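Engineer: Please see the structure below; I have some questions.
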Amino acid sequence: MKAIGKLFALLAVSVFVLFSNGQLAAQSRPPVTLVKAGRLLDPRTGSVLAPAAVLIENGKIKEVGPPAQVQAHTPAGVKIIDLGSATLLPGLIDSHTHLLLDVIVPPEAESARRHNGDFAPGLLLAIVESPSKRVLLGAQLAREDLESGFTTVRNLGHSGVDGDAALRDAINAGRVPGPRILASGRKLAQNGKDGYLQSLNPALAKVIVQQEFLQVNGADGARQAVKDNMFYDVDVIKVTVQDDISVTEMTAIVEEAHRQHLKVAVHAGDTASIQTAIDGGADSIEHGNEVTDQQLQAMRDKGIFLVITPTFWGSFFTKITEPTIVMSPALKADLASSDERRRKRVASFTQRILKSGVKFAVGSDMCWFYPGKTRGQASATIFANLQAAGMPALDILRAVTVNAAELLGWQDRVGAVEAEKFADLVAVTGDPIADITELQRVGFVMKGGQVVRNDLALR
């Protein structure tokens with residue numbers, strides 16, 4: 001009996017060893033996928049490879065080329081995704097968004113009662129609700145962005161103390177789906193506010209404001225604000241400049257951020273704020289609505305990016321308001337007049353940017369609830385808005401791929417379908433150069449070699 005027992009024990013050990021070795025062998029082989037498409041568009045050059053194949057190993061692109069060439073180097077038994085005649089592109093990059101904010105347009109009377117009445121009530125509600133609830137909403141919006149083809153985003157504020165950093169970490173750990181996120185934590189602003197939150201109850205004001213903003217008060221205070229944000233492992237520093245932050249304070253912020261190897265994005269709309277950002281050495285200026293030609297030249301010479309946010313172009317506010325609230329005839333007329341003025345202004349703004357040679361990327365600045373659309377679909381409305389303003393399709397495409405990757409400092413990781421970069425891919429059925437709104441109808445999304453969405457595959 002003892003001999004039989006030993007024999008069974010020996011067999012059990014042998015089976016365990018064989019099973020374990022098989023598992024290790026399977027785990028040691030990185031996943032390999034071959035993606036084939038009718039066309040591959042390179043945003044950097046505008047050239048098209050037709051047909052095209054992309055070999056992906058362990059989440060990164062290993063080889064790109066004609067199918068016959070790539071398949072010659074492809075091991076047997078790999079997973080093949082055939083997208084037929086579709087056009088393959090790099091994953092899209094939203095350079096300015098707010099994933100933890102989903103503001104619903106308030107009633108007309110409510111808006112009329114308050115400074116920044118359309119935005120402030122929704123922001124206040126987001127701040128005072130549970131941070132857990134807020135980050136779970138952010139997880140939903142992040143997933144919706146990814147499903148629409150935005151595989152990388154830069155989240156610039158309105159996330160509470162560390163909501164965007166926590167969401168980033170959860171996505172990176174594979175706990176929830178979403179795009180790659182560069183998190184900024186809280187915005188830096190003079191007196192810890194940026195014009196949205198005013199006339200609050202003095203018993204609560206400081207606590208409320210501190211959930212969303214870090215105070216900049218003098219050069220030393222500016223440096224400390226950067227350090228306080230660093231405690232939450234942020235990827236970028238966001239600053240709001242109006243007529244309150246000095247060049248000295250701005251310079252201190254930039255110096256401290258750069259010392260920590262972080263870039264600085266500055267919300268600056270008017271000419272004076274833009275100049276403060278330029279003189280302080282900012283890495284990017286967000287919005288820049290009133291930028292002058294001289295400032296565009298200075299930005300070009302210094303390598304400062306302009307991040308265009310065409311959210312409210314193309315009658316956006318009218319479109320999100322009409323299905324949500326009852327509008328008076330006066331409000332309807334006011335919105336129509338505002339839309340028309342904006343159309344003329346943004347057309348000139350766009351042409352001046354293109355003529356200046358300044359580096360630019362594009363961000364949705366999306367923080368609004370858009371009835372009938374997911375967050376990703378709402379973010380993608382920027383493409384039609386830019387086209388209507390006169391921006392060529394290839395420039396739009398570059399602004400959300402190769403240019404955006406350079407802005408983030410991630411040009412070695414994302415923004416192009418090239419060897420050694422992350423396998424972040426999207427595909428559309430048509431030609432986005434002929435019709436940029438194809439990017440509003442993305443049918444295939446891959447992030448890091450994992451298929452997120454596939455409405456196009458033949459097999």
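Engineer: Name every residue in region 325-358 that is among the basic types (Lys, Arg) and open to solvent by less than 70 Å² (accessible area, probe 1.4 Å), in order of residue number.
Structural biologist: First pass over region 325-358, keeping only residues among the basic types (Lys, Arg): 332, 341-345, 352, 355.
Result: 342, 352.
Engineer: Got a sec? Which strands (runs of 3 or more DSSP E) wholly within region 360-459 have at least 3 residues that are in contact with a Gly (Cβ under 8 Å, 6 or more places away or on another chain) and buried (at least 19 other Cβ atoms within 10 Å of the Cβ)? Reasoning before the result, please.
Structural biologist: Working: elements: 360-362, 425-428, 444-447, 450-454.
Of the strands (runs of 3 or more DSSP E) lying wholly inside region 360-459, those with at least 3 residues that are in contact with a Gly (Cβ under 8 Å, 6 or more places away or on another chain) and buried (at least 19 other Cβ atoms within 10 Å of the Cβ) span 425-428, 444-447.
Engineer: Then there's this: So the check is Cβ under 6 Å with 6+ separation or different chains; which pairs have a first residue in region 126-147 that's within 19 Å of residue 211 (Cβ to Cβ) and a second one that's open to solvent by 60 Å² or more (accessible area, probe 1.4 Å)?
Structural biologist: The qualifying pairs are 127/211.
Engineer: Looking only at helices (runs of 4 or more DSSP H) that lie completely in region 217-324, which have at least 3 residues being surrounded by 23 or more Cβ atoms within 10 Å (Cβ to Cβ) and modelled with pLDDT of 95 or more? Write out each step before concluding.
Structural biologist: Working: elements: 218-230, 247-259, 271-280, 293-302, 316-321.
So the answer is 218-230, 247-259, 271-280.
Engineer: With region 66-160 as the region, which strands (runs of 3 or more DSSP E) entirely inside it contain at least 2 residues that are open to solvent by 20 Å² or more (accessible area, probe 1.4 Å)? Spell out the reasoning first.
Structural biologist: Values: elements: 79-82, 87-90, 92-97, 150-155.
Result: 79-82.
Engineer: Kindly indicate the residue of region 44-63 that is in contact with a strand residue (DSSP E or B) (Cβ under 9 Å, 6 or more places away or on another chain) and assigned to a loop (DSSP other than H, G, I, E, B) and also farthest from residue 87 (Cα to Cα) among those meeting that condition.
Structural biologist: Step one: list which residues in region 44-63 are in contact with a strand residue (DSSP E or B) (Cβ under 9 Å, 6 or more places away or on another chain), which gives 47-63.
Keeping just the survivors that are assigned to a loop (DSSP other than H, G, I, E, B) gives 47, 50-51, 58-59.
Details: 47: 12, 50: 9, 51: 9, 58: 23, 59: 21 Å.
Residue satisfying both the conditions and the ranking: 58.
Engineer: Is region 52-61 home to any residue that is under 30 Å from residue 395 (Cβ atoms), open to solvent by 20 Å² or more (accessible area, probe 1.4 Å) and touching a residue at least 60 places away in the same chain (Cβ under 8 Å)?
Structural biologist: yes
The values are calculated or read from the model by the stated rules, or taken from the named source; none is laboratory data. Everything numeric in this text was worked out from a predicted model, so none of it was measured. Virtual Cβ from ideal backbone geometry, glycine too; neighbours counted across all protein chains shown. Note: accessible area is taken over every heavy atom of the protein model, side chains too, but ligands, DNA and RNA are not part of it. Shrake-Rupley method; radii C 1.70, N 1.55, O 1.52, S 1.80 Å.
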